Amino acid sequence: MPRQKKDAKILNIKLAREISNQLEQFCEESGISKTIATEKILSKYFEEYFSRPEEERTLFK
């Protein structure tokens, strides 16, 4: 039985070479795909970001 597709949206981005290299190294070491790694990394960042009061939300701290 085929696996059910997840509700998703395609995102194409250009990454700085160093960030791309770090992502590839992370994925090789952890054994997870770039898609899953990116989802988890962004999810963690957004969780932190949105947990702060609006007046304290800045792009980078």
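Every number in this text was worked out from the coordinates using simple rules, so none of it is lab data. Since the model is a prediction, treat every value here as computed from it, not as a measurement. As a convention, Cβ positions derive from the backbone with ideal geometry for all residues, glycine included, and neighbour counts pool all protein chains shown.
What angle do you read, to the nearest 10 degrees and between 0 and 90, between the alpha-carbon axis of helix 34-51 and the longest principal axis of the chain?
Taking Cα atoms only, the helix is inclined about 20 degrees.
If Lys and Arg each add +1 and Asp and Glu each add -1, what is the summed charge of the other residues whose beta carbon sits under 12 Å from the beta carbon of Q25?
So the environment of Q25 carries a net charge of -3.
Run the helix sum for the chain: -39,500 (n - 2.57) per DSSP H stretch of 4+ residues, divided by residue count, reported at 222 nm to the nearest 500 deg cm²/dmol.
Helix contribution divided over all residues of the chain: -17500 deg cm²/dmol.
Does anything in the range 11-27 have its amide N under 18 Å from the 7 Å Cα→Cβ label point of F60, and if so which residues?
Residues 14-23 qualify, since their backbone N sits under 18 Å from the label point.
Once you have the Cα-Cα distance between R52 and A8, take 0.36 nm times their residue separation minus that, and quote the gain in nm to one decimal.
13.2 nm
For helix 17-30, report the angle its Cα long axis makes with the longest principal axis of the Cα atoms of the chain; keep it between 0 and 90° and round to the nearest 10°.
Roughly 60 degrees, rounded to the nearest 10.
Where the eigenvalues come from the Cα gyration tensor of the chain, what are the semi-axes √(5λ) of the equivalent ellipsoid, largest first, in whole Å?
Semi-axes (√(5λ), whole Å): 25, 19, 12.
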